[in-house]
Structures are given as C-alpha cells and as structure tokens.
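Worksheet: one structure, shown below.
The values are calculated or read from the model by the stated rules, or taken from the named source; none is laboratory data. Since we're looking at a predicted model, the values are computed, not measured. When we count neighbours, we look across all protein chains shown, and the Cβ atoms used for this are built from the backbone with ideal geometry, even at glycine.
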Amino acid sequence: MVEIKREELIRKIKIGLFIFVLITLSIFVFTFIFTYEEETKDFFKYFKKLYLLYTFLFWLFFIIFDTLTIYFISFKIKRIGFLDCFTLITTGQFLATTTPFGIFGLPFQIYYLNKKNYEIGEGLSIFGIKSAIYIILYIFLIPIVLIYTGSIFENIYFKHAFKVISFIILIGIFLIILFAIKPEKLSKIIKWKRLNDEIIRFRNTIFSYFSSSPFYFFLSFIFASLSYLSYIFIPVFLLKGLQLDFSVQRVMLYQIALRFGILFSPSPGGSGFAEAGFLALFFKVIPVHFLGIYTLLWRFFTAYLGPIVGGIFLINFLRKEKI
C-alpha cells in the first residue's frame, strides 16, 4: 500500500497555494496597472452575458470528456467508477495548480487508486495510456500550430522554450521505449525491488492493453479529443462575448500553444508563465483596455474552476481517509 503523510501533503499544498496566489495576484495587479483605461470599467456593458454560460458549458464538457477518457481506459485494466474518475481529474488539477510542474498530482492519483485496491503499476498504466493519447494529439496539433501561427516563434523566449520542451519530450519518449523493450536495463538503475516490480507490471499492462483493447483505446482517444476541443473553445466564447472580429482558428491554435507550454512551467499551475504567454499572444486580438479583465476570465475557466472543485473533493477525501 502506498503511504502519504498527511502533514507533509498539507504543508506542500499550502506552500504551493501561497506561491500560486502570490504570483497570480502580482501578475494581475501588474496587468491592470498597465492596461487600465477609462473604457476598462465598461467591460461588462459590452460583454454579452450569455457567452459566460456557453463558456461554462464548454468547461463542463472539457471536464466530463476528460473523465470519460479515464473511465474507458480503465475498462480493460480494472474498471473505475465515473465519480472516482471525476475525482481523479479534478484533484489532479488542484494539485497540479499548487505544486511546481504539477509534481504532486500524479503521486496522489496513484495513491487514490491504490486505496481503491489498484496496484501501483495498474494506476501508472491508466495515466500512462492517457499521456500517450495526449502525446499523439500533440504530434498532430503542433505542426499545425507551427504552420499557421509560426510568427509567435519569432519571439526569442517562445523559440527557446519550444526547443527545451521538445528536447525533454524526445528524451522521455526514448527512455520509455528503451525500458519497454529492455526492462532489465531499468533494474540496473533502480535497485528497489518493489518499484522494479511495479514498473514491470506497468509495462506488461500497457502491452496487454494495446494488444487486446484497441476499441477502448480508440474510444478514449475520441473523448480525449472532445475534451481538448472543448478546452480550446473557451477563449473563443469569451471573445465572442466581447463582440470582437477575430480568427477563430488562430485563437484556438494560440490556446493549443499556451496549453502545451504551461505543461512544462516550473511555477505552480503555470502562474506567471500562463498570463505572460497569454498577453504576448492576445494583445493584438483584444483591445488593451479589456485585456486585464479578459485574462482574469480566461484563467478562471482554464485554470481556477477545475482546481476549486478538486480542492473540495480532496478535502473530503482527506477527512474520510484520515491519512
């Protein structure tokens, strides 16, 4: 059984949450100082409130389809209930928001599954398959982003960040393939037998899944794609609410580029990096005097709402389990 110390978990969450809130508030204060004009206070006069409902619905689709992705992945490993899948998604978002690189999200999700009688290797397999699905999505999407929004890489920071992220991904893929083909190489590096056994279990489960469950993988891929599509539509509906003329395709591609970059941000929840990236991409799309409020709304739906729900589920879980 995986063990997590309650005090250590709460301490790390508090530190991460403090850093996240501090950076986020600093960024928004800075943004409002430099974008505030007389017209800023008229934001909600111009904004069509119905589009807030559309945005919320697409956020809901994003979460539900992501939940269904894990739900159907688990069918051929060990089935997880829909509510447990929803809990895994939202608590993972909360912990990803409150820890650098989201490092505490996956360990807690594995712990949660372990409490539901999943072996570590089985839990890793589920999230490994989910990661594989999103890697496939990015392999298709990133070339499209480069072709149609390549101008964003004229910015030296985007250019270098993209190179570093691509290098990390390639190294990760190489190591996964190496250990999948020759697991004995891993035992020479990792001397802890229990961990080695779980990694071998993870490898065997993955191989078994792909050889016997192509239908469920395809179904999971469809729901993951729908989840991602719902996510990248969020800024589109917010812009529609402002009644602006803009290219829907370009805004969606910007959102893909931002999502990709935020995944590798060292700050909790990508705070600071996400706002800076968003301002750099959207300052030509949105009037400067509306940019601050729009950024806050964008972050609320893409980064705050899910973790708020996840925090509630996490508190409830900690109280029940008394870890």
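So, in the stretch 36-50, how many residues would count as being under 21 Å from Val236 (Cβ atoms) and either at pLDDT 95 or above or part of a loop (DSSP other than H, G, I, E, B) (or both)? The total comes to 3.
When the stretch 274-308 is filtered for residues that are at pLDDT below 85 and under 19 Å from the mean Cα position of the chain (by Cα), the ones remaining, listed by number, are Ala274, Glu275, Ala276, Gly277, Phe278. The numbered conditions (1) of a type outside the set (A, V, I, L, M, F, W, C); (2) in a loop (DSSP other than H, G, I, E, B); (3) in contact (Cβ under 8 Å) with a residue 60 or more places away in the chain are all true for Lys284 except (3). Here Phe72 clears all of (1) surrounded by 21 or more Cβ atoms within 10 Å (Cβ to Cβ); (2) closer than 29 Å to Ala274 by Cα; (3) not β-branched (Val, Ile, Thr) except the condition numbered (2).
A search for C-beta distances below 7 Å between a residue of the stretch 37-65 that is under 20 Å from Leu244 (Cβ atoms) and any residue that is crowded, with 17+ Cβ neighbours inside 10 Å and among the polar types (S, T, N, Q), counting only pairs 6+ apart in sequence or on different chains, returns Phe58/Ser230. For the stretch 79-96, filtering for residues that are of a type in the set (S, T, N, Q) and crowded, with 24+ Cβ neighbours inside 10 Å leaves 2.
Scanning the stretch 96-114 for residues that are at pLDDT below 85 and at negative phi yields Ala96, Thr97, Thr98, Thr99, Pro100, Ile103, Phe104, Gly105, Leu106, Pro107. The residues in the stretch 50-63 that are crowded, with 17+ Cβ neighbours inside 10 Å and either closer than 17 Å to Lys115 by Cβ or of a type in the set (A, V, I, L, M) (or both) can be counted, and the count is 1. So is Phe300 without any contact (Cβ under 8 Å) to a residue 12 or more places away in the chain, in a helix (DSSP H, G or I) and out of contact with any Gly (no Cβ under 8 Å at 6 or more places or on another chain) or not? Considered against the rule, which asks whether it is without any contact (Cβ under 8 Å) to a residue 12 or more places away in the chain, in a helix (DSSP H, G or I) and out of contact with any Gly (no Cβ under 8 Å at 6 or more places or on another chain), Phe300 comes out as yes. Name the single residue that is surrounded by the fewest Cβ atoms within 10 Å (Cβ to Cβ) among those in the stretch 242-294 being of a type in the set (D, E, K, R) and under 21 Å from Phe34 (Cα atoms). Among residues in the stretch 242-294 that are of a type in the set (D, E, K, R) and under 21 Å from Phe34 (Cα atoms), the one surrounded by the fewest Cβ atoms within 10 Å (Cβ to Cβ) is Lys284. If the condition is being among the aliphatic types (A, V, I, L, M) and either in contact with a His (Cβ under 7 Å, 6 or more places away or on another chain) or closer than 30 Å to Gln249 by Cα (or both), then the stretch 121-142 contributes Ile129, Ala132, Ile133, Ile135, Ile136, Leu137, Ile139, Leu141, Ile142. Is it fair to say Phe56 is assigned to a helix (DSSP H, G or I), modelled with pLDDT of 80 or more and within 25 Å of Ala274 (Cβ to Cβ)? So Phe56 passes the test. Do we have Leu239 as of a type in the set (A, V, I, L, M), part of a helix (DSSP H, G or I) and free of Cβ contacts under 8 Å to residues at least 24 places away in the same chain here? Criteria not met by Leu239.
If you check Ile129, Ile110, Ile144 for being aliphatic (A, V, I, L, M) and farther than 21 Å from Ser208 by Cβ, only one passes: Ile144. Gly105 meets each of the listed conditions (1) surrounded by fewer than 19 Cβ atoms within 10 Å (Cβ to Cβ); (2) without any contact (Cβ under 8 Å) to a residue 40 or more places away in the chain; (3) closer than 30 Å to Ile15 by Cβ apart from (1). When Gly311 is tested against (1) buried (at least 20 other Cβ atoms within 10 Å of the Cβ); (2) modelled with pLDDT of 85 or more, just one condition goes unmet, and that condition is (1).
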